[in-house]
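As structure tokens, the structure follows; a few thoughts come after it.
Any read-out appearing in this document is the output of simple, stated calculations on the displayed coordinates, not a laboratory observation. These numbers were taken from a predicted model, which means no experiment stands behind them. Neighbour counts are summed over all protein chains in view; Cβ atoms, including those assigned to glycine, are modelled from backbone coordinates with ideal geometry.
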Amino acid sequence: MHHYDLLGMFLAVVFGAVIGAERQLSGKAAGLRTNILICLGATIYTIVSREMGGGQTDSITRIAAQIVSGIGFLGAGAIIQDRGGVQGLTTAATIWLVASIGMACGAGFYALASVATVFAIIVLFALAPLDQWLSRFGKNHHLQKHLDEQHNSHQL
């Protein structure tokens, strides 16, 4: 194992923890430990694929593609459909993103992983109030439109 592999694994734990902490604070099922493990796992798979591939690009890309497919199953498990609509899409998208950050860590793209983590935190923390406001606005707008339609149908 190389020192840069240890650095990649360390960063994966840190970046997964930062994003996972936000998810945990938001009360989501995929919280701190889940996001750390996803990020670390993707890192390890990327390191293993690089080492096993011995520089052969096709081997590395095949394993990377399988990481993406496998993460899709985890994300699908986070999505729940109920009477009120679909829930868990942000959690599923976060799982998908955290895996990509882990892959970047495993590939040695530390700056990319760092910037992606910062952007993720901005989206998850800073845009949450805007998301809530838009949801309320959309529901109120939809309700008002429905009430107007009912009112117009009674006047006929």
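Please state, rounded to one decimal and in Å, the Kirkwood hydrodynamic radius that the range 3-125 gives when every pair of distinct Cα atoms enters the mean of 1/r. Mind dumping the intermediate values first?
Values: mean 1/r = 0.0693 Å⁻¹.
Evaluated on the range 3-125, it is 14.4 Å.
Using a basic spin-label model with each label point 7 Å from the Cα along Cα→Cβ, how many nm lie between F109 and V123?
1.5
How big is the charge dipole of the range 3-125 about its Cα centre, in debye rounded to the nearest 20, if each Lys and Arg gets +1 on its Cβ and each Asp and Glu gets -1 on its Cβ?
My answer is approximately 240 debye.
Calculate the length of the line joining the C-alpha centroid of the range 21-53 to that of the range 74-136, in whole Å.
Here the answer is 12 Å between Cα centres.
Once phi is turned into θ = phi - 60°, what whole-Hz ³J(HN,Hα) does the Karplus curve with 6.51, -1.76 and 1.60 give for every residue of the range 18-33, x standing for Gly and Pro?
Residue by residue, the range 18-33 yields 4, 5, x, 5, 4, 5, 5, 4, 7, x, 8, 5, 8, x, 4, 5 Hz.
Between L6 and R33, how high is the FRET efficiency from 1/(1 + (r/R0)^6) when r is the Cβ-Cβ distance and R₀ = 22 Å? Nearest 0.05.
Numbers: r = 21 Å, r/R0 = 0.94.
The value I calculate is 0.60.
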